[in-house]
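The values are calculated or read from the model by the stated rules, or taken from the named source; none is laboratory data. Please read these numbers as outputs of a predicted model, since none were measured by experiment. Ideal geometry is used to build each Cβ from the backbone, glycine not excepted, and the neighbour counts take in all protein chains shown. Note: areas computed on protein heavy atoms with side chains; ligands, DNA, RNA excluded. Shrake-Rupley method; radii C 1.70, N 1.55, O 1.52, S 1.80 Å.
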Amino acid sequence: MASMDVKAYFKGKKVVLTRIGLIGRGVGDAAFLAEAGADLLVVDDAPQEVMQPSVDKLKEYSNIRFKFGKYDLEDFRDCDLVVKGAGMALDSPEIAEAKAHDISVRMSADLLVELSGCRTIGITGTRGKSTTTHMVGEILKAAGEKVLLGGNVRGVSNLQLLREATSEHVLVLELDSWQCQGFGEAGISPTIAVFTTFFQDHLNYYKNDLGAYLADKANIFLNQGEEDTFVLGKQCAPIIIERYGEDIDARMKVAGAEDLPDTWALKVPGEHNRYNAALALAASRSFGVDDVVSRKALEAFSGVPGRLEYLGERTGVKVYNDNNATTPDATIVALKAFEGVPITLIMGGADKGIDMNKLLTAIEKSETQVVLLAGSGTERIDEAFAGVPVHDTLASAVGDAFAKTPVGGVILFSPAFASFGMFTNEYDRNDQFIDLVRKMGVVK
């Protein structure tokens, strides 16, 4: 669909956009809708004082109205379209109200796919989806494709991508469970779908129903046709095949770390990154990319910010930023990447209701030193770390970590919990950590 047609799709429509957020994606979507001529109402159940930075960024648009605090059901029956933000439950009264009045409920990622008409590769999973997405993007760029990276990518508004999307572009989308939920509602799936891993996560949102979490993510492949491709990681293959086997047999390709040739030397550390690379390779082969191109791109790939990102060293101590590890399984993977090296782990934060016992065992076995950040999740596990102080500021935690770590050791910032409480969101936590260690003299 040409950009003019896209604007016509929204022009004059009464659109309700929910949960605009503070990290840029929702603001970009709102700006696009306003410029396309929509009559836009932005609603968010957060207080206006919290959301004011986003409001300020949109003050130039006279066709945007804002409402904050408790939602008004009237808004969800007096409109033409609801664009739902991440984290808003599909079974919420507001969404039910819209559907009862035959109002379309969409998300920005599935609107991007439908309205752009681009070829699409979508990647989901509990862990590894971001790294795999960026790996696929780099491979396709090296192959000469015009790539648009989107979905759950920091600061990228999916609707803004409609400005440049043409039939020559390939969308490479990192898709979280909410965006996959949106794909299910729209009845679409990517041409090439990748499912990396499946672990416990977001159990607070899914009310401890792991099956509901899997059902949302499964939308990445459930609406594929027989000619499409589904790349499935070996870690989660048994779970998905048991539940959906008959639906996916014809187009399924299973891949794991051992499927990446031994001679391919990656810059990014850890066996989990060889696993991610194997999935990226399988997806790229399905797209028709030669292995020579894929190898060159993967060997040059230096990682994604916030995922075992090497920040540098100070006084013989190396610092790695694994801020995006918001689950215990993610932190376990990070610990394994540094086996045999003295590790000081900075962890802690807001509770997501996930069982932490495997991580506690891994910390004990690896003789990892721990520095704790305050939070509701930390309160649940602090008995396991008798005598270890809990820090109320990131600065004191990092200072403690440097004091504890011997020369040749590693400071690993891998929280294993959500960021809320001490930080606005995980991006705020990421940026504060990087700023702090830079000011402390950590250099590459």
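General observations
- Given R0 = 45 Å, the distance between the Cβ atoms of residue 13 and residue 258 translates into a calculated FRET efficiency of 0.35.
- With all protein chains kept in place, the per residue accessible area of segment 290-444 amounts to 44 square angstrom at a probe of 1.4 angstrom.
- About the centre of its Cα atoms, segment 386-444 shows a dipole size close to 260 debye [charges on the beta carbon of Lys, Arg (+1) and Asp, Glu (-1) only; nearest 20 debye].
- Based on the Stokes-Einstein relation at 4 °C and a viscosity of 1.567 mPa s, and on the Kirkwood radius from alpha carbon pairs, the chain is assigned a translational diffusion coefficient of 57 µm²/s.
- For GluC sites (Glu not before Pro), the sites in segment 70-173 that DSSP calls loop and that have at most 12 other Cβ atoms within 10 Å are 164, 168.
- Antiparallel DSSP beta bridges within segment 265-414, as percent of all bridges there, nearest 5: 25 percent
- In the full protein context, segment 1-107 carries 47 Å² of accessible surface per residue, based on a 1.4 Å probe and ignoring ligands, DNA and RNA.
- Cross-link pairs 296/318; 318/365; 141/217; 14/70; 318/404 - those with Cα-Cα distance over 24 Å: 296/318; 141/217
- Label-point separation, residue 50 to residue 339 (7 Å along Cα→Cβ), nm: 4.2 nm
- Placing unit charges on each Cβ (+1 for Lys and Arg, -1 for Asp and Glu) gives segment 319-400 a dipole about its Cα centre, and among 346, 332, 372 the Cα reaching farthest toward its positive end belongs to 332.
- Selection among 196, 276, 222 by position relative to the dipole of segment 191-286 gives 276 as farthest towards the positive end (Cβ unit charges, Cα centre).
- Estimated from helices alone, the mean residue ellipticity of the chain at 222 nm is -11000 deg cm²/dmol (sum of -39500 (n - 2.57) over DSSP H runs with n ≥ 4, per residue).
- For the pair residue 249 and residue 154, the difference between a 0.36 nm per residue extended length and the Cα-Cα distance amounts to 30.8 nm.
- Gain on full extension, evaluated as 0.36 nm per residue between residue 90 and residue 271 minus their Cα-Cα distance, stands at 61.6 nm.
- Charged-residue dipole, Cβ positions (Lys, Arg, Asp, Glu), the chain about Cα centre, Debye nearest 20: 1020 debye
- Bridges between two residues of the chain, per DSSP, are antiparallel at a rate of about 10%.
- Rounded Å value of the spacing that divides the Cα centres of segment 17-38 and segment 329-347: 38 Å
- Modelled FRET efficiency - R0 56 Å, residue 382 with residue 167, Cβ distances, 0.05 increments: 0.50
- 3J(HN,Hα) along segment 52-61, derived from phi through the Karplus expression 6.51 cos²θ - 1.76 cosθ + 1.60 where θ = phi - 60°, amounts to 3, x, 6, 4, 4, 6, 10, 5, 6, 9 Hz, with x in place of Gly and Pro.
- With the alpha-carbon atoms of segment 331-437 aligned to their principal axes, the span from lowest to highest coordinate is 35, 31, 26 Å, starting with the largest.
- Selection among 31, 20, 101 by position relative to the dipole of segment 1-104 gives 31 as farthest towards the positive end (Cβ unit charges, Cα centre).
- Rounded, prolate or oblate (a/c below 1.5 giving rounded, otherwise prolate when a/b exceeds b/c) for segment 95-204 by Cα gyration tensor: oblate
- Solvent-accessible area assigned to carbon and sulfur over the chain amounts to 49 percent, based on a 1.4 Å probe.
- For the pair segment 384-410 / segment 201-222, the C-alpha centres are spaced 35 Å from each other.
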